[in-house]
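The next block holds one structure in the form of structure tokens; read it before the comments.
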Amino acid sequence: MVATPSYALYLGEMVKESPYPSSAYKLRIGLLGSEGCTEEMRTQIEKNLHMFVTDNYGMTELGGPGVSGECELRCGLHFAEDHFLPEIIDQDTLEHKAPGEVGELVVTTLSREGMPVLRYRTKDITRINYEPCACGRTHARMDKVMGRTDDMLIIKGVNVFPSQIESVLVGMEHVGPHYQLIVRKKNFLDTLEVKVELNNGELLQSYGELEAVQHKIHDRLKSVLGLETKVTLAEPKSLERFQGKAKRILDLRNEPEE
Ligand SMILES: [Zn+2]
């Protein structure tokens, strides 16, 4: 299966509701890509769809998927260095970063004819590991993309990547992997609302339990982000599902205040 993680999650939910066990679908391997996939999301997809999942990276401007991808050891995405030359730069100074340092990925195509790309700025933030991999492949490995220079939210001066919030949510009990981030400006101050979907409607019967879940998420987010958030819980299956890349951020800071 080649899909985005969001869509694989959605298909996993469908399979869970179907009368057949996940093994009946005979899936072996999932090449997921085009958006971030946390460990927790991956575990859930593997469980629901009964397949081994690897993370893959590519972009239309570079010829689509296949720029880099995980091997069976899943300790970084091997770059197809015979076709692409990766570099890591500082997004502000444009200077090269030292090997292993985090920065913006810049890619040059080596084998494309017709539409070669020279030092293309991907806006993706990662680092490259040139150590040999235990699988025997010699191609350098990039870390999972940590975020994009343009989807990093700056809230009250704090850098926030949606992937940080996602890793908190997907590891929690009672809530599913579906969420939405709403950024507003209130009295000239940024506020972040994290709307997250419950995976169990029964919890809605007890106000006390709902409040406990809400507090737990709030506290975990605070320790990971260093930021106050407003956590709201949504009914199961009430948030939008995405077939392509998920659009989870609603930035209302330029809208008039409510
Ligand atoms: Zn490897």
message = Being among the acidic types (Asp, Glu), part of a strand (DSSP E or B) and within 29 Å of residue 102 (Cβ to Cβ) narrows it down to one residue among 193, 166, 131; which is it?
response = 193
ask   = All but one of (1) assigned to a loop (DSSP other than H, G, I, E, B); (2) under 24 Å from residue 38 (Cα atoms); (3) more than 16 Å from the ligand (Cβ to nearest atom) hold for residue 121; which doesn't?
value = (1)
query = Within the stretch 150-158, is even one residue assigned to a loop (DSSP other than H, G, I, E, B), touching a strand residue (DSSP E or B) at 6+ places or on another chain (Cβ under 8 Å) and surrounded by 13 or more Cβ atoms within 10 Å (Cβ to Cβ)?
reply = yes
ask   = If you scan the stretch 28-57, which residues turn out to be surrounded by fewer than 17 Cβ atoms within 10 Å (Cβ to Cβ) and either in a helix (DSSP H, G or I) or out of contact with any strand residue (DSSP E or B) (no Cβ under 6 Å at 6 or more places or on another chain) (or both)?
value = 28, 39, 40, 43, 47
ask   = Given 40, 46, 61, 17, which one is under 13 Å from the mean Cα position of the chain (by Cα) and not small (Gly, Ala, Ser)?
value = 40
inquiry  = Being among the charged types (D, E, K, R) and either more than 16 Å from the ligand (Cβ to nearest atom) or touching a His at 6+ places or on another chain (Cβ under 7 Å) (or both) narrows it down to one residue among 81, 72; which is it?
reply    = 81
ask   = Do we find a residue being more than 16 Å from the ligand (Cβ to nearest atom), modelled with pLDDT of 95 or more, surrounded by 13 or more Cβ atoms within 10 Å (Cβ to Cβ) and more than 27 Å from residue 224 (Cα to Cα) anywhere in the stretch 127-142?
value = no
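The values are calculated or read from the model by the stated rules, or taken from the named source; none is laboratory data. None of these values were measured; they are calculated from a predicted model. Glycine also receives a Cβ, built like all others from the backbone with ideal geometry; neighbour counts cover every protein chain displayed.
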